[in-house]
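Q: Quick one: structure below, then a few questions.
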Amino acid sequence: MLTTAGVSAPDGNELAAWQTGIWGAWVQELQRRQPGGLDHGWVSFFTYDPQVGAAIFADWVAELPQLQWIAGQIPLEVLRQDTQITGVRCHNYTIHAQVVIDGTELGDLLALGEVPHRWGWELQSTFEEPSAPVTPNDLTARYPVQAPTWVVVMQDYGEGAMAPEIPPPLGDRPEPFTRAWEGYGAESFLNYGRLPGDRFMINWPIQGNDYGEGVGRLIGAASERAAFLQESWLHTQHFAHFIQTQLGRRYGLAESPFPQVPDAPGGGAYALHPYYRESRRLQGLTTIREQDLLPLPGGQVAALPINDQGRIEAIAIGNYANDHHYPSGDIPLQPKSIRWGGRWTGTPFTIPWRSLVPRTVNGLLVCEKNISVSHIANGATRLQPVVLGIGQAAGMAAALCIEQGCQPRDLAVQDIQAALLEDAIAPAAVVPLLNLPPDHPDWHAWQSYYLAHPDQYPLDGYCPAPLVFAPPSATAQRFSGTFQRQSLQNYTLTIPGGGALTSPPWSLVTLRPEVDQQLQTLADQQSLSLWGRYNQSGNWLLVEAIDS
């Protein structure tokens, strides 16, 4: 999702407290490597060149001599002895393993290994989810899973430039994009996924390049999947042509953000494959439901998952709002957002260990959108940062299973949690605490405390740890002006002087808990000096520190 699918404006886990584990390490490395920084679009706090993101992962792989990376292979068969998965056969390799991890985009090993799994909607009677449909309907029949999107990266070549023409669609096709940026405007539409270097990630859900017609073909025969992929890619090419014809020839396809792929759609300005939002989903030892993600009554965190032994089962953290994509439009879902740091953010939830473990099969773990989750809840668990957290936990668990000579179902969850918290390179949080970023000196102590005392977990997600004031980053700038309190968790700064930042007033937002606390105590109309970075697309100043 983060690289080959071109979604280089990731959603969720943006707060400093959630930037832990591999996700946090990757974001920190992005900030070091990406020329021009990460503050460009308004849909995400992190936008980057997908080649830079891919290079980080490639470098990490190269640093591990015990890891053999085999590229260009498609699984053809899952090796199995009764209920035990023993390996995978590809075109040129057969790999035998004590533990196999399915990290495929569509849960392909589940089908090849005849591992019980789900595809499509569950009715309300299945899991008692408040947003699930009571009976089948046109939506559930037409779109059994969320619509994928084939991302394209476009370029602003400058005023007066004539970018190469994007080919028009073949044949007499209807124009489905006529109201794509209605209510936003063209500039805001482009700035949604603005990337460094005057580029734009086009991943637009409103009459844009989401494509779900006949999406069930993705799990059909190879010819059916190929036909769907070709249609999806052509739909995005059609959208790019529409953008160019409507906004002018200064906008064209970006020059090769992705490698060229011979005899296949994608490559060049187009991602190498679609951004899949949903896949086959495991039938695991437990299933994540919508109500498992919603904040507790009177609180702003979801309940921690507790197993039969009274142990917290959490192995990864997510916080994104429940977000579903269908070409026919949004569906009503239970809200799970709060105002925090001057903006809206999703309330946190956790992924239970047993949702990675098959109900009836040994020797297998899952670590992608294929975890044991309902169709409704998948809208929040599918996001890139939480999937990285799931992958880190699955890899750690597989290593522990081999060390201990046990099956995943028999592995103690506290062993996984301890290994994640104590990881020497990328320690990962497992308990969501809004005021506890990973650089806090008491981070490990409070994570461990709530694992041992689940009944003490606070409804508001705040532990009684003292605030720690971090210095601003080397790229932060100093801004001074008049602070305005517009409403609850809605702040602006008016900067005098007639410069580029004078007008309009800038929204103040933050990802740091200590800055969030400071913003809540400031008086309306007081003078304020702060350190941060401005984002022209989002019209905000991302505050890193406030002068005392």
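Q: Dividing the Cα convex hull volume of segment 236-310 by residue count, how many Å³ per residue is that?
A: Each residue corresponds to 230 Å³ of Cα convex hull volume.
Q: At a temperature of 10 °C and a viscosity of 1.306 mPa s, determine how fast segment 225-355 diffuses translationally according to Stokes-Einstein, using the Kirkwood radius over alpha-carbon pairs as Rh; express D in µm²/s, rounded to the nearest whole number.
A: In µm²/s, the coefficient is 85.
Q: What number comes out for accessible area per residue over the chain if the probe is 1.4 Å? Units Å², please.
A: Per residue, the chain has an accessible area of 42 Å².
Q: Hey, another quick one. Using the Karplus curve 6.51 cos²θ - 1.76 cosθ + 1.60 with θ = phi - 60°, what ³J(HN,Hα) values do you get for each residue of segment 358-373, in whole Hz, with x for Gly and Pro?
A: So the J values, rounded to whole Hz, are x, 5, 10, 10, 9, x, 9, 10, 10, 8, 10, 6, 8, 5, 7, 8.
Q: Then there's this: Send over the per residue convex hull volume for segment 408-548, Cα only, as a whole number of Å³.
A: Each residue corresponds to 158 Å³ of Cα convex hull volume.
Q: If you don't mind, another one. Long-range amide H contacts for E544: which residues qualify at under 5 Å (H placed 1.01 Å from N, peptide plane, sequence gap of 5 or more or a different chain)?
A: W531, G532, R533
Q: Once you mark the trypsin sites (Lys or Arg not before Pro) that are in a DSSP loop and have at most 16 other Cβ atoms within 10 Å, what is the longest gap between them in the chain?
A: In the chain, the maximal stretch lacking such sites is 360-548.
Q: Using amide H atoms built 1.01 Å from N in the peptide plane, name the residues 5+ places from E313, or on other chains, whose amide H lies under 5 Å from its own.
A: HN-HN under 5 Å from E313: I306, N307.
Q: May I pose another question? Stokes-Einstein diffusion coefficient for segment 37-152 at 20 °C in a medium of 1.002 mPa s, Rh from the Kirkwood formula over Cα pairs: what value in µm²/s?
A: The diffusion coefficient I find is 115 µm²/s.
Q: Extending each Cα 7 Å along its Cβ direction at H241 and Q414, get the distance between those two points in nm, one decimal.
A: Rounded to a tenth, the inter-label distance reads 6.3 nm.
Q: Carbon and sulfur atoms: what percent of the 1.4 Å accessible area of the chain do they account for?
A: Carbon-and-sulfur percentage of accessible area, whole number: 52.
Q: What is the P(r) of segment 297-363, as percent of Cα-Cα pairs per 10 Å bin from 0?
A: 17, 35, 31, 15, 2
Q: Non-local amide H neighbours of Q84 (under 5 Å, H modeled in plane, Pro and chain starts lacking H): which ones?
A: N362
Q: Taking every pair of distinct Cα atoms and averaging 1/r, then inverting, what Kirkwood hydrodynamic radius in Å comes out for segment 152-194?
A: For segment 152-194, inverting the mean 1/r across all distinct Cα pairs yields 13.0 Å.
Q: Kirkwood Rh and Cα-based Rg: tell me the resulting Rg over Rh for segment 358-441, rounded to two decimals.
A: Looking at segment 358-441, the ratio lands at 0.99.
Q: Once the Cα atoms of the chain are picked out, what are the Rg and Dmax in Å?
A: Cα only, the chain: 23.5, 75 Å (Rg, Dmax).
Q: What percent do you get for the relative contact order of the chain when only Cα pairs under 8 Å and 6+ apart count?
A: For the chain, the relative contact order is 18 percent.
Q: Principal axes first, then extents: for the Cα atoms of segment 1-53, list largest minus smallest coordinate on each axis, whole Å, largest first.
A: Principal extents (largest minus smallest coordinate, Cα): 25, 21, 20 Å.
Q: If one computes P(r) from the Cα atoms of segment 16-89, what percent of pairs lie at distances over 15 Å?
A: Of all Cα-Cα distances in segment 16-89, 69 percent exceed 15 Å.
Q: Percent of Cα-Cα pairs per 10 Å bin, from 0 to the last occupied bin, for segment 188-297, please list those.
A: 11, 35, 28, 18, 7, 0
Q: Any idea what % of Cα-Cα pairs in segment 125-272 are farther than 22 Å?
A: Tail fraction, whole percent: 46.
Q: What does the charge dipole of segment 146-187 about its Cα centre add up to, to the nearest 20 debye, if the Cβ of each Lys and Arg holds +1 and the Cβ of each Asp and Glu holds -1?
A: Around 200 debye, computed over segment 146-187.
Q: What residue among L364, T510, L64 has its Cα farthest toward the positive end of the dipole of the chain, where the charges are +1 on Lys, Arg and -1 on Asp, Glu, each on the Cβ?
A: Result: T510.
Q: Also, I was wondering about something else. Nothing charged except the Cβ atoms of Lys and Arg (+1) and of Asp and Glu (-1): what's the magnitude of the dipole of the chain about its Cα centre? Round to the nearest 20 debye.
A: That gives the chain a dipole magnitude of about 320 debye.
The values are calculated or read from the model by the stated rules, or taken from the named source; none is laboratory data. Please read these numbers as outputs of a predicted model, since none were measured by experiment. Positions of Cβ are generated from backbone atoms using ideal geometry, with glycine treated the same way; all protein chains shown enter the neighbour counts. All accessible areas refer to the heavy atoms of the entire protein, side chains included, with ligands and DNA or RNA removed. Shrake-Rupley method; radii C 1.70, N 1.55, O 1.52, S 1.80 Å.
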